[in-house]
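No lab work stands behind these numbers, since they all come straight from the coordinates. Keep in mind the model is a prediction, meaning the values are calculated, not measured. Heads up, the Cβs are rebuilt from the backbone with ideal geometry, glycines too, and the neighbour counts pull from every protein chain shown.
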Amino acid sequence: MPVITAPTDSSSHLESTDPDELFPIREVSRLTGINPVTLRAWERRYGLIQPTRTESGHRLYSKSDIETVHRVLDWIERGVAVSKVGKILARDDQQAQAVRAERDVLGDTEWSQWQARLRQAISAFDDRRLESLYGQIFATYPLSVAFQDILMPLWQELLRHQGRFGQASEWLFFDAFLRVHAWQRLQLASDSSLPRVLLAPMPGECRKLELLVAALLMSRDDLAVKVLPMGQPFDELTLVCEKTQPQGLIVFSNHSPSHDLAERLNRLGMTLNCPLFLAGDASELVQGNLAGSSIGCLGNEGRMMQRRLQQFLSGGLDT
């Protein structure tokens, strides 16, 4: 029978391994920072969460429900209206199922075990242990699995769950560690003799690690991805491309697209002497507005971004 948990210690968190554990609405409110009125509205008006009910009608939320609340918050913080979040979550879940279908037999259980070991090292701020685990993961899995299925999901989880004292420091510790190592991998993979594309952040619409990992996931043995600095002026991208002559320019954003993003990209594309692409969450959200334009949408999933980039550059896909 599911357990109803209502801890009184404000430092408690979702640390139990019981998948059937249920939480009353006041505890969910404390864990997520969302008041009960809003939680009820998200359920009734938008169907974003579906808690179970006791015989007396009280709502009980699973760990999956609480994770959904954090996902909703994540999209709202990126500028997406709550009324549109449901479709995005459904799309993300569909993509995740497709990715899982391509995974090897080992699957989520083994990766969760790695994440548990990483959490222990992070909570102890043990950089030596973290370095050892990082090396073991890359000795066991290809880069795409290591970052996309093990490291980045944990990074995102720690980013969302910063309600307890010390958790912000844990995320910063892990973020700094991954940024250094992702940058080192990019530098090692950067062969000046290879054709290259430029990856530029949309100002203020992604974090440095997200940009670096996207570059790693899109890089290939025959194509290098060069990351432009955070804060790169959008209006100066044409100048940078004129001087560096890349095979293509990728603009990256994980934010809800502004109303004029498609127009700005089209204007930029007309000034370039190379193909222009959009990657990240914004690519999925604005894809319809770019249909028929010269802008190629690469998507927001690592394997998809690499595959589409290769197809676009080889002429296998039309923008």
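Ordering Lys208, Lys87 from the fewest to the most neighbouring beta carbons within 10 Å gives Lys87, Lys208. Within the listed set Glu205, Glu263, Glu284, the Gaussian network model of the chain (springs between alpha-carbon atoms below 10 Å) gives the highest mean-square fluctuation for Glu263.
Indicate, rounded to the nearest 5 percent, the antiparallel portion of the DSSP beta bridges found entirely in region 193-313. Before the final figure, lay out the partial values.
On the way: 1 of 18 bridges.
Percent antiparallel among DSSP bridges in region 193-313 is about 5.
Choose one answer from Gly299, Gly57, Gly248: the residue with the largest mean-square fluctuation in a GNM of the chain with alpha-carbon springs under 10 Å. So, out of Gly299, Gly57, Gly248, the one fluctuating most is Gly57. What does the C-alpha gyration tensor say about the overall shape of region 159-270? Classify as rounded when a/c is under 1.5, otherwise prolate if a/b is larger than b/c, or oblate. It comes out oblate by the Cα gyration axes. Anisotropy class assigned to region 245-319 is oblate, per the alpha carbon gyration tensor with a/c at or over the 1.5 cut-off and a/b no larger than b/c.
Provide the packing ranking of 134-145, 193-204, i.e. peptides ordered by the mean count of other C-beta atoms within 10 Å per residue, highest first.
Taking the mean over residues of other Cβ atoms within 10 Å, the ranking is 193-204, 134-145.
Shown in residue order for region 203-209 are the 3J(HN,Hα) couplings computed by the Karplus curve 6.51 cos²θ - 1.76 cosθ + 1.60 at θ = phi - 60°: x, x, 10, 6, 9, 4, 5 Hz (x for Gly and Pro).
Taking one quarter of the surface of the convex hull spanned by the alpha-carbon atoms of the chain gives a direction-averaged projected area of 18.0 nm².
Residue by residue, region 148-154 carries 3J(HN,Hα) couplings of 7, 9, 10, 6, 5, x, 5 Hz when phi is fed to the Karplus relation 6.51 cos²θ - 1.76 cosθ + 1.60 (θ = phi - 60°); x denotes Gly or Pro.
Remark on Cys297: its backbone amide H falls under 5 Å from those of Leu278, a criterion applied only to residues 5 or more positions apart or on other chains, H modelled at 1.01 Å from N.
Close amide H partners of Ser256, meaning residues 5 or more places away or on another chain with modelled amide H under 5 Å apart, are Gly79, Val80. Within the shell defined by Cβ-Cβ distances under 14 Å, the residues around Leu211 carry a net charge of +1, with Lys and Arg each +1 and Asp and Glu each -1. Taking only the alpha-carbon positions of region 103-186 and ignoring solvent, what does the Debye formula give for the base-10 log of I(q)/I(0) at q = 0.15, 0.18, 0.19 Å⁻¹? Summing over Cα pairs of region 103-186 leads to -0.51, -0.74, -0.83.
Tally the DSSP beta bridges in the chain and give the antiparallel ones as a percent, rounded to 5. Percent antiparallel among DSSP bridges in the chain is about 25. Residue by residue, region 55-67 carries 3J(HN,Hα) couplings of 4, 8, x, 6, 7, 10, 10, 7, 4, 5, 4, 5, 5 Hz when phi is fed to the Karplus relation 6.51 cos²θ - 1.76 cosθ + 1.60 (θ = phi - 60°); x denotes Gly or Pro. Amide H contacts for Tyr61 (H built 1.01 Å from N in the peptide plane; partners 5 or more residues away or on another chain; cut-off under 5 Å): Phe23.
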